[in-house]
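Read the structure below first, then the notes.
The values are calculated or read from the model by the stated rules, or taken from the named source; none is laboratory data. Quick caveat: nothing in here was measured; it's all calculated off a predicted structure. Note that each Cβ is placed from the backbone with ideal geometry, even for glycine, and that neighbours are counted across all protein chains shown.
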Amino acid sequence: MESLQVLVKAGIYILMAAGSLAAIGAVFFPNLFYAGLSLAGVLICVAGIYLSAGADFLAMVQILIYVGAVMTLIIYAIMLTNIEEIKVSHLGIKQILLSILAVSGFAVLTASAILSIDWRPLSGQNRLEVHELGAALMSRYIFPFEVLGILLFAVLIGAIVIARKDKV
Amino acid sequence: MDQLFVNLKNMALHLIGVFAPDWLVSLSSILISVGAMTFLGIFIMMYLTLMERKVIGRMQNRIGPNRVGKWGLLQPVADAIKMLTKEDIVPEPADRLLHFLAPVMIVIPALLIFAVIPFGRNMTALDLNVGLLYFFAMSSTTTMVIFMAGWGSRNKYASLGGMRSVAQMISYEVPMVLSVVPVLLSVGSLSTGKIVEAQADLWFVLTPWGFFACVIFFLCGVAECNRSPFDLPEAESEIVAGFHTEFSGMKFALFYMAEFMNAFSIAALTATLFLGGWQGPLLPSWLWFILKTYSLLFVMMWFRGTLPRLRADQMMGLAWKFLLPLALVNILAAGLHLYLGGPAGFASALIILLGSFMGLSKVNRSYVPEKREYVLAD
């Protein structure tokens, strides 16, 4: 069994490395289409890491929503713009300073969150069944669930209003 | 007979276990399953092409392929050799990387889906507890690859085909996912194995909600794998061959392969979800599964042989104005049936579904101008 565990561990590290590489690509590719595809790669790698952590449901939802729907939308938007006409704009010093400030603030926030978590694995069974998730949504988290439902409903109506033809 | 393939695998593992350490046995157990799935995918695709050509041929009063081997049985092999030896043409302005990656990547989700299909009793390669969600997740990634193919070719027909395909797949995914909800309500699990086991007494297609869900799922599935009559993304008479216009040789064959494997997995999933999967009397379980799947595939070919291609607005209208509301009503009907139970539940579900079906088809009836009478001058 030892050798198999080593293989699995190596696989997870490869997944993480691939995810990081794709993340760098998503930021640095001058071609927007490639950047979008790298972002999809990042999301798939993250789903793989979820899978290796035993969060099957989260991994599948990640692929279904982010890769299947959100990325398709982003790539659709990119495709409607003419790639050759997009020029890489050079940032001024002011923008660079501002973005460094914002990014470092975000980094401090995430670092404090990461450091405050106890990373030891939960004792007992930590594999959540799907029906437990559903039960939790319908009992303990019913309020946020309903609020999200109302929000999405409002978004849907807004989309229809925007897409509707104006009456002449 | 029933456990033929399972026993074969166990025997092979036993043989390996004689001289190899434990970890090699578990590794080869994985490899045997993966290898079987991969070969099955290729084999199924090769013979589906033959079956399609034969069936369509008979429907058009022809015989179909009959020269290579007995009944043309070696035709797929000849086709494969032809495809492999053909010249690979990459258009000059195309994006070389995407043009190469797209056909390779389109086969991956199609093959991955095979992992959760229960081919028989104890014959699921990977019985995930989120199996059905896995199927939807994997098939949703196909859209992006088709887009890659269309955009990477730098050809207006390819781009148009890619755009059409995305619009179609996103639209049909909505009623498809919703049509499965009643099954989940009834079974209480996303695992394909558990769904089949729950149909031991009664196939879901025999309940009112099951019948409607089955038809909705199957139609959306046919649209998802771009088959006729929903083959607008590759409509020959409009946009040459759609997103795979610029692909030749083996690259084209890979697109073809993914399409046929998707068709197979849609038929297999319909059989699993609504037709009882491998459940059935007398015959071994895997044979039942194959029979059900191939009869659904025959229906798909029948569609292709008889129905003309839909217009773009008709296709979108079918998904959004007809199938989506019907799928939503179906969830309500399934809830009523399961909550009330017995004949009362059955009857109320049936009444609601038939009523909404009639109402929706009345609302969706296309405008037909009144017949004009021409009075000829004397």
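Here is a list: B:S295, B:S285. Which entry is under 24 Å from B:F114 (Cα atoms) and free of Cβ contacts under 8 Å to residues at least 12 places away in the same chain?
B:S295
From B:F19, B:F5, B:F39, which residue is closer than 30 Å to B:V299 by Cα and modelled with pLDDT under 80?
Just one listed residue meets the conditions, B:F5.
Any residue that is under 28 Å from B:L323 (Cα atoms) and more than 13 Å from chain A (Cβ to nearest Cβ) - is there at least one of those in the stretch B:99-110?
Within the stretch B:99-110 (the criterion being under 28 Å from B:L323 (Cα atoms) and more than 13 Å from chain A (Cβ to nearest Cβ)), the answer is yes, since at least one residue qualifies.
Do the conditions hold for A:I65, that is, is it among the β-branched types (V, I, T), within 23 Å of B:M169 (Cβ to Cβ), under 15 Å from the mean Cα position of the chain (by Cα) and surrounded by 14 or more Cβ atoms within 10 Å (Cβ to Cβ)?
Considered against the rule, which asks whether it is among the β-branched types (V, I, T), within 23 Å of B:M169 (Cβ to Cβ), under 15 Å from the mean Cα position of the chain (by Cα) and surrounded by 14 or more Cβ atoms within 10 Å (Cβ to Cβ), A:I65 comes out as yes.
Checking B:L296 against (1) modelled with pLDDT of 85 or more; (2) over 18 Å from the mean Cα position of the chain (by Cα); (3) among the aliphatic types (A, V, I, L, M), only one condition comes out false. Which one?
For B:L296, the exception is condition (2).
Every residue, every condition in (1) touching a helix residue (DSSP H, G or I) at 6+ places or on another chain (Cβ under 9 Å); (2) within 30 Å of B:I89 (Cα to Cα); (3) modelled with pLDDT under 80, yes or no:
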position: B:I239; (1), (2), (3): yes, yes, yes
position: B:F260; (1), (2), (3): yes, yes, no
position: B:F264; (1), (2), (3): yes, yes, no
position: B:M300; (1), (2), (3): yes, no, no
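On the given criteria, is B:N129 at positive phi and of a type outside the set (D, E, K, R)?
Judged against the criteria, B:N129 is not a match.
Name the residue that is surrounded by the fewest Cβ atoms within 10 Å (Cβ to Cβ), counting only residues in the stretch B:147-166 that are closer than 15 Å to B:A235 by Cα, hydrophobic (A, V, I, L, M, F, W, C) and within 10 Å of another protein chain (Cβ to nearest Cβ).
Checked the stretch B:147-166; the qualifying residue surrounded by the fewest Cβ atoms within 10 Å (Cβ to Cβ) is B:M163.
Check B:L128 against each of (1) touching a residue at least 60 places away in the same chain (Cβ under 8 Å); (2) more than 10 Å from every other protein chain (Cβ to nearest Cβ) and name the one condition it does not meet.
Going through the list (1) touching a residue at least 60 places away in the same chain (Cβ under 8 Å); (2) more than 10 Å from every other protein chain (Cβ to nearest Cβ), B:L128 breaks only (2).
Mind checking which residues of the stretch B:29-68 are small (G, A, S) and either touching a residue at least 40 places away in the same chain (Cβ under 8 Å) or in a helix (DSSP H, G or I) (or both)?
Scanning the stretch B:29-68 gives B:S29, B:S33, B:G35, B:A36, B:G41, B:G57.
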